[in-house]
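Structure first, then comments.
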Amino acid sequence: MRGVDELILLDIEANSKGTDPDYDSIRDFSKECFVPFCVGGGINNIEQIKQLLRNGADKVAINSAAYDNISLITEAAALFGSQCIVASIDCKLIDGEYHCFSYSGTKDTGVILSDWAQRLEMAGAGEILITSIENDGAMVGYDIDMIKTVSEVVHIPVIASGGAGNYEDMRKAIVDGGASA
C-alpha cells in the first residue's frame, strides 16, 4: 500500500441522497483495511456515528451537519473521544477571504475559515480535514495559504486535502502549510 498509514473515505453525494451511510460496505471494506479508517459523508446524528464505528470505521468526518448543529461535534467527542471526530471543512477563496462551504461545496455558509476552524476545535474535534474546492482533483498542488490559515489558529492535527499532484505537493503542505498529514 505504498506506506499509507490512514485512509479517509468520503461519500460526497450522501447529503443529496438523504440516506444513512452504507454500513455493509463500510464493514466489508474495514475487514480488508489494516490502517486507521475514517468515514464521512451525510453524517448528521449520533446513531449514524455509532453504527459507523460498530461497522469498522475508526473515525468519522463531519462537515455539513456541524453548521446547523455544532453540538453534534461536542456530543460525539464526549461519547466517542475527540480522536474519533474529524471536522471536515470545504472552502474556497472569495474576495480575499476563505469561505466555508457545505453540501459538497455547493452552499457558501458565509462562515470565515479561521473562525470556523477555531470553533470546531473548541467544540471538541480531534482533527481538521481541510479541502480546497478549487484544487480538489486538479492535481495542481495544495492551497498552502488555506492550510496555513487553519494550522496557525488550531492546536489539533490538520489534514490537507484537495490538489496533490506529486510528492513535492505533499511535502509543501506539511513543511510550508503546517499540515500534519
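The values are calculated or read from the model by the stated rules, or taken from the named source; none is laboratory data. All figures in this text were calculated on a predicted structure; none of them were measured in a lab. Neighbour counts are summed over all protein chains in view; Cβ atoms, including those assigned to glycine, are modelled from backbone coordinates with ideal geometry. Only protein heavy atoms, including side chains, enter the accessible area calculation; ligands, DNA and RNA are left aside. Shrake-Rupley method; radii C 1.70, N 1.55, O 1.52, S 1.80 Å.
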Among (1) modelled with pLDDT of 95 or more; (2) open to solvent by less than 70 Å² (accessible area, probe 1.4 Å), there is one condition Asp145 misses while meeting the rest; what is its number?
(2)
If Ala78 meets every condition in (1) outside any strand (DSSP E or B); (2) surrounded by 17 or more Cβ atoms within 10 Å (Cβ to Cβ) apart from one, which number is that one?
(2)
State all residues of the range 62-75 that are open to solvent by less than 60 Å² (accessible area, probe 1.4 Å), closer than 18 Å to Gln51 by Cα and more than 14 Å from the chain's Cα centre (by Cα); if no residue qualifies, say none.
Leu72
Scan the range 107-115 and give yes if some residue there is under 18 Å from Val158 (Cβ atoms) and exposed (fewer than 13 other Cβ atoms within 10 Å of the Cβ), otherwise no.
yes
Restricting attention to the range 122-140, which residues are open to solvent by less than 40 Å² (accessible area, probe 1.4 Å), more than 10 Å from Ile89 (Cα to Cα) and either in a helix (DSSP H, G or I) or at pLDDT 95 or above (or both)?
Ala123, Gly124, Ala125, Gly126, Glu127
List, please: which pairs have Cβ atoms under 6 Å, are six or more places apart or on different chains, and start with a residue in the range 131-151 that is within 21 Å of Val86 (Cα to Cα) and of a type in the set (A, V, I, L, M) and end with one that is open to solvent by 40 Å² or more (accessible area, probe 1.4 Å) and in a loop (DSSP other than H, G, I, E, B)?
Ile144/Asp176
Considering the range 1-47 alone, what residues qualify as being part of a loop (DSSP other than H, G, I, E, B), crowded, with 18+ Cβ neighbours inside 10 Å and hydrophobic (A, V, I, L, M, F, W, C)?
Cys33, Ile43
